[in-house]
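Taken together, the values in this text are just the output of simple stated rules run on the coordinates, not laboratory data. What you see is a predicted model, and the numbers here were worked out from it, not measured in a lab. Cβ placement follows ideal geometry from the backbone for every residue including glycine, while neighbour counts extend to all protein chains displayed.
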Amino acid sequence: MNITTLGLDLAKSVFQAHGIDACGKTVLVKKLHRKQMLPFFSKLAPCLIGVEACATAHHWARTLIAMGHDVRIMPPSYGKRIRRARQKRCD
């Protein structure tokens, strides 16, 4: 599993991780509990991690950066645009 980019949805106790490889193919969709976060990310090779700005985003960003990952914090408005666009699609 070669994850280059990972999207992380932060929450109170259950986090969602979605990882893609260099080709853009989904290679990981995982639900993580708070106690599983540090062991999971310490075993993961350094990659780009995107998180939505929230109350705990800076804490997790500092923690993940200390493990060698590149973390980008995005404003919530970016996520809202994506959610709106996906709700309008007919698949």
Query raised in the report: Which far-off residues, 5 or more places away or on another chain, put their amide H under 5 Å from the one on M74, with H placed in the peptide plane?
Result: V51, E52, A53
**Report entry** Over region 5-88, volume per residue of the alpha carbon convex hull, in Å³
**Finding:** 102
Requested in this report: Tabulate in residue order the Karplus-calculated ³J(HN,Hα) for region 37-49, using 6.51 cos²θ - 1.76 cosθ + 1.60 with θ = phi - 60°, rounded to whole Hz; enter x for Gly and Pro.
Outcome: 4, 5, x, 5, 6, 6, 7, 6, 5, x, 8, 7, 10
Query raised in the report: Can you list the HN-Hα couplings for region 70-76, worked out from phi with the Karplus curve (6.51, -1.76, 1.60; θ = phi - 60°), rounded to whole Hz and with x for Gly and Pro?
Result: 9, 10, 10, 9, 10, x, x
Report task. Please list the non-local residues whose amide H lies under 5 Å from the amide H of T4, H modeled 1.01 Å from N, same-chain partners needing a gap of 5 or more. Result -> I20, D21, A22
Report task. Using packing as a proxy for protection, rank 15-27, 49-61 so that the peptide with the highest average count of other Cβ atoms within 10 Å comes first. Result -> 49-61, 15-27
